[in-house]
2 protein chains.
Amino acid sequence: MTKVVFDISISVDGFLAGPNASLEEPLGAGGEALHEWAFATKRFREQHGLDGGEEGVESDLVDERLQATGATLMGRRMFSGGTGAWDDDPNGDGWWGDDPPFHHSVFVLTHHPREPLVKQGGTTFVFVTDGIEAALAQARKAAGGKDVLIAGGADVIQQYLQAGLVDEFQLHVAPLLLGAGVPLFAPALEAPLRVEPTRVVDSPAAAHLGYRVR
Amino acid sequence: MTKVVFDISISVDGFLAGPNASLEEPLGAGGEALHEWAFATKRFREQHGLDGGEEGVESDLVDERLQATGATLMGRRMFSGGTGAWDDDPNGDGWWGDDPPFHHSVFVLTHHPREPLVKQGGTTFVFVTDGIEAALAQARKAAGGKDVLIAGGADVIQQYLQAGLVDEFQLHVAPLLLGAGVPLFAPALEAPLRVEPTRVVDSPAAAHLGYRVR
């Protein structure tokens, strides 16, 4: 039973990235601090080929998400930071390195067609030009019964929410106010949407709030 | 030791009120749902002269806030919904009734001078025209060692945050996306601000997140 989910770190004031994202600072000014809780875990570091890190409840949360995810969806900017024609994108192969941390198919929403990009470790970036529903249909197939994770950015998450296609989400609220940046949510829904809290996992590093949408 | 605090219900997408607030619907379209967790408690209902309600952890949270607060600060719109000269305000005596639920001094930030308005039950509205710091100084004196609660609206809370005058805050995150409305936070700070989580109280009706700012 594939679920469509997003699972994202935000500041207390609701930003998922700081202002002025760039190739050098993809999470924007101050944005890395949102992910400190994850960076500190053994499971996250392992997934990114790094030693060390702590075991415990937050490492388990990272592990749970990684285990549950069979395919990932993301926007073009999250893939490379760029826009427009691929030939003009200075970072056209993406900023995820030769061995990206996904190890499954990643569907990239773009207006510019392109052949799939096969990386090491089982990650293939597939470029989808016919919209969010088509991308989700492909991702569902690729997920093999596991979850489809909508990785971001905010505009992509908002589009799937608006379209009523999200089943569950989890927010990792980092203990800081960013003060500026990219808000996860925008005034995007036409009517209020009740959600069902599924759990709260509390730690000094972040408050982890789970919700079921439908 | 007076603390300066705010303590407010928001949606998962960060709105403290729905869109199109009016005299008939001061919390905006859909905004009342943010406060369902509180409306359901015995302590909240008692404070508002109503019977019934449930005891338990959320009633205790309401009680804790009421007990701790010695003075309240609010913006003009939160007092009456109006703006401009008092003579032109159709709701110039406020929408809090003859026996408002504060039972202490409430300092209203306004550009329009006015004598204090004494209500039943110990609530006096004092109108302050010389800015947020002057209002806070008056509220501190009136609080008698208890907390000063910045009740709202969002712009008032943001001004106190920006000025570095908030000691602690608590967010009651109601399980719904409002989709539109008045955001609690705006891109208002000049730099990221780390906060210290003090506790999380979790219930099906809301996730209650406490933070210390300084």
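Can you report the number of residues in the stretch A:176-206 which are outside any strand (DSSP E or B), at the interface with chain B (Cβ under 7 Å from one of its Cβ atoms) and farther than 14 Å from B:Ala207 by Cβ?
Going through the stretch A:176-206 one residue at a time, the tally reaches 11.
Just need a number here: residues in the stretch A:147-175 that are within 30 Å of B:Asp167 (Cβ to Cβ) and assigned to a loop (DSSP other than H, G, I, E, B).
Looking only at that region, the number is 1.
Which condition breaks for B:Gln170 when tested against (1) of a type in the set (S, T, N, Q); (2) touching a residue at least 60 places away in the same chain (Cβ under 8 Å); (3) under 24 Å from B:Ala134 (Cβ atoms)?
(3)
Report, by residue number, each residue of the stretch A:1-19 that is among the polar types (S, T, N, Q) and either in a strand (DSSP E or B) or within 12 Å of chain B (Cβ to nearest Cβ) (or both).
Passing the criteria: A:Ser9, A:Ser11.
As an exercise: evaluate B:Glu64 against (1) under 19 Å from B:Ala21 (Cα atoms); (2) without any contact (Cβ under 8 Å) to a residue 12 or more places away in the chain and give the number of the one condition it does not meet.
(1)
Restricting to the stretch A:115-140, name every residue that is free of Cβ contacts under 8 Å to residues at least 12 places away in the same chain and part of a helix (DSSP H, G or I).
A:Ala134, A:Ala137
Taking B:Trp86 as meeting all but one of (1) under 15 Å from the mean Cα position of the chain (by Cα); (2) among the aromatic types (Phe, Trp, Tyr); (3) more than 14 Å from chain A (Cβ to nearest Cβ), write down the number of the exception.
(1)
Quick check: anything in the stretch B:184-201 free of Cβ contacts under 8 Å to residues at least 12 places away in the same chain and over 19 Å from A:Leu178 (Cβ atoms)?
So far as the stretch B:184-201 goes, yes, one or more of its residues are free of Cβ contacts under 8 Å to residues at least 12 places away in the same chain and over 19 Å from A:Leu178 (Cβ atoms).
Any chance the stretch A:13-25 includes a residue that's more than 11 Å from A:Val182 (Cβ to Cβ) and touching a helix residue (DSSP H, G or I) at 6+ places or on another chain (Cβ under 8 Å)?
Within the stretch A:13-25 (the criterion being more than 11 Å from A:Val182 (Cβ to Cβ) and touching a helix residue (DSSP H, G or I) at 6+ places or on another chain (Cβ under 8 Å)), the answer is yes, since at least one residue qualifies.
In this structure, does B:Ala38 turn out to be over 23 Å from B:Tyr160 (Cα atoms) and touching a Phe, Trp or Tyr at 6+ places or on another chain (Cβ under 7 Å)?
Taking the combined requirement at face value, the residue satisfies it.
When only residues in the stretch B:148-175 that are away from chain A (no Cβ under 14 Å) and in contact with a Gly (Cβ under 6 Å, 6 or more places away or on another chain) count, which is modelled with the lowest pLDDT?
The qualifying residue modelled with the lowest pLDDT is B:Gly153.
The values are calculated or read from the model by the stated rules, or taken from the named source; none is laboratory data. Treat the numbers as computed from the prediction; the structure is a model and nothing was measured. Ideal geometry is used to build each Cβ from the backbone, glycine not excepted, and the neighbour counts take in all protein chains shown.
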